[in-house]
Amino acid sequence: MIFRQLYDAVSSTYTYLLADEATREAVLVDPVYERHQRDLALVRELDVKLVAALDTHCHADHVTGVWLMKQATGAAIVAGAATGISPLDRALRDGDVVRFGGEELEARATPGHTSGCLTYVSSARRMAFTGDTLLIRGCGRTDFQQGDAHAMWRSIRERIFTLPENFFLYPAHDYEGRTVSTVAEEKRFNPRIGGEAREEDFVGYMENLGLPHPKQIAVAVPANLRAGMPDDGRYPAPATWGPVTPSYGGIFEIDAEWVARHRDEVHIVDVRSPSELEGELGRLHDAQAIPLDELRARAEEVPRDKPVVTICQSGKRSALATLLLRKAGVTDVANVAGGLIRWRQLGFPS
Ligand SMILES: N[C@@H](CCC(=O)N[C@@H](CS)C(=O)NCC(=O)O)C(=O)O
Ligand SMILES: [Fe+2]
């Protein structure tokens, strides 16, 4: 199975991409709204077909990216029936199974943090995605939404700690940089519910956490009850001026073919060194030549009246050029993917 653990440093949220290698069918668990373009780029670059975007629960601290993923990929929006999230393409109940290729995730109802919380279990891969029910050496709080420390105790003890001890546990958050645990580890070392803890110990702990409410709660919960659909119901495109695709590496790229057919609409900056401009790949007659090592100092020479596209030999140095220009205040900028090599392969003149 293809497996990737992704992180949102703003909300300390983990997003998980799981895909069946043979069929390429995939699911994404707990995507974050602001990380949508990153996640989408990875889906494209790994060439997987997202069949479902799953939430473990209705999050209180960040907005979910499931609605955006559906718009971009057609993935079904899936979450627990008891979350109250609407619209859902599939409302899961305890014991339901989500299939992607030859892989599957079993939904286990694990209420306590919220009443709709699910833990997704892959028995074949010995993995459980616990959402905010069980965190590494901690657990989700039970003092808002439909929080209930007694329900949480039962969920963890009866539905998670009953999994085989060698199962890996992947939470929705970690605030200390920890990435994965196991059932055995948490049963032994979880300071709230591990070892010899009894229900009243756990409940006493949870009732005295004294945490401030998440900063985004007033925005996040109503948005998440709509699956993270923006107020205007529109899918925000990464750029309006052309078919710009953000890469997983964080570069905004544009297809050489589109640039060749829309030469008048953009300003081209060639960042190769002067000697290369006379080389076998030639040069574009209307491109402004600024070598990459001079671009920081000369960024002001780049006109801002049109979107800017950068180009070099293979598209690597010009990728860095987009970052430098963005820092210098050029907002509409993209890299010609594959550079002049690709340009020439497509048969465009230089
Ligand atoms: N400081 C964070 C707090 C986030 C928070 O409260 N997260 C919830 C999950 S939605 C939780 O259960 N946190 C457990 C903890 O902080 O120990 C924020 O403002 O967003
Ligand atoms: Fe949560």
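Every number in this text was worked out from the coordinates using simple rules, so none of it is lab data. This one's a predicted model, so the numbers in the text were calculated from it and none came from an experiment. Ideal geometry is used to build each Cβ from the backbone, glycine not excepted, and the neighbour counts take in all protein chains shown.
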Practice prompt. Please sort 84-93, 125-134, 294-303 by packing, taking for each peptide the average over its residues of neighbouring beta carbons within 10 angstrom, highest first.
Written response: 125-134, 84-93, 294-303
Fill in: Residues with amide H under 5 Å from that of THR310, placed H, sequence gap 5 or more
VAL269, ALA334, ASN335, VAL336
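Which percent, to the nearest 5, of DSSP beta bridges fully inside the chain are antiparallel?
Here the antiparallel bridges make up roughly 55 percent for the chain.
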Practice prompt. Order these peptides, 313-322, 63-72, 179-188, by their mean beta-carbon neighbour count within 10 angstrom, highest first.
Written response: 63-72, 313-322, 179-188
Fill in: Leading residue at positive end of dipole, the chain (Cβ point charges), from GLY112, GLN216, MET1
MET1
Item to complete: Quote the charge dipole size of segment 1-136 about the Cα centre in Debye, to the nearest 20; the model charges only the Cβ of Lys and Arg (+1) and of Asp and Glu (-1).
Response: 100 debye
Item to complete: May I ask you to evaluate 6.51 cos²θ - 1.76 cosθ + 1.60, the Karplus curve with θ = phi - 60°, for each residue of segment 235-243 and list the ³J(HN,Hα) values in order in whole Hz, giving x for glycine and proline?
Response: 7, x, 6, x, 8, 9, 7, x, x
Discussion item. Based on the alpha carbons, how large is the Rg to Rh ratio for segment 245-345 when Rh follows Kirkwood?
Written reply: 0.92
Fill in: Å³ per residue enclosed by the Cα convex hull of the chain
156 Å³
Worksheet item: What is the set of long-range amide H partners of SER247 at a cut-off below 5 Å, with H atoms built 1.01 Å from backbone N?
Response: PHE252, GLU253
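On full extension of the chain, what length is gained from ALA297 through HIS285, given 0.36 nm per residue of separation minus the C-alpha to C-alpha distance?
Numbers: separation 12, 0.36 × 12 = 4.32 nm, distance 2.34 nm.
Using 0.36 nm per residue and subtracting the Cα-Cα distance, I get 2.0 nm.
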Fill in: Between segment 1-43 and segment 286-334, the alpha-carbon center distance in angstrom
30 Å
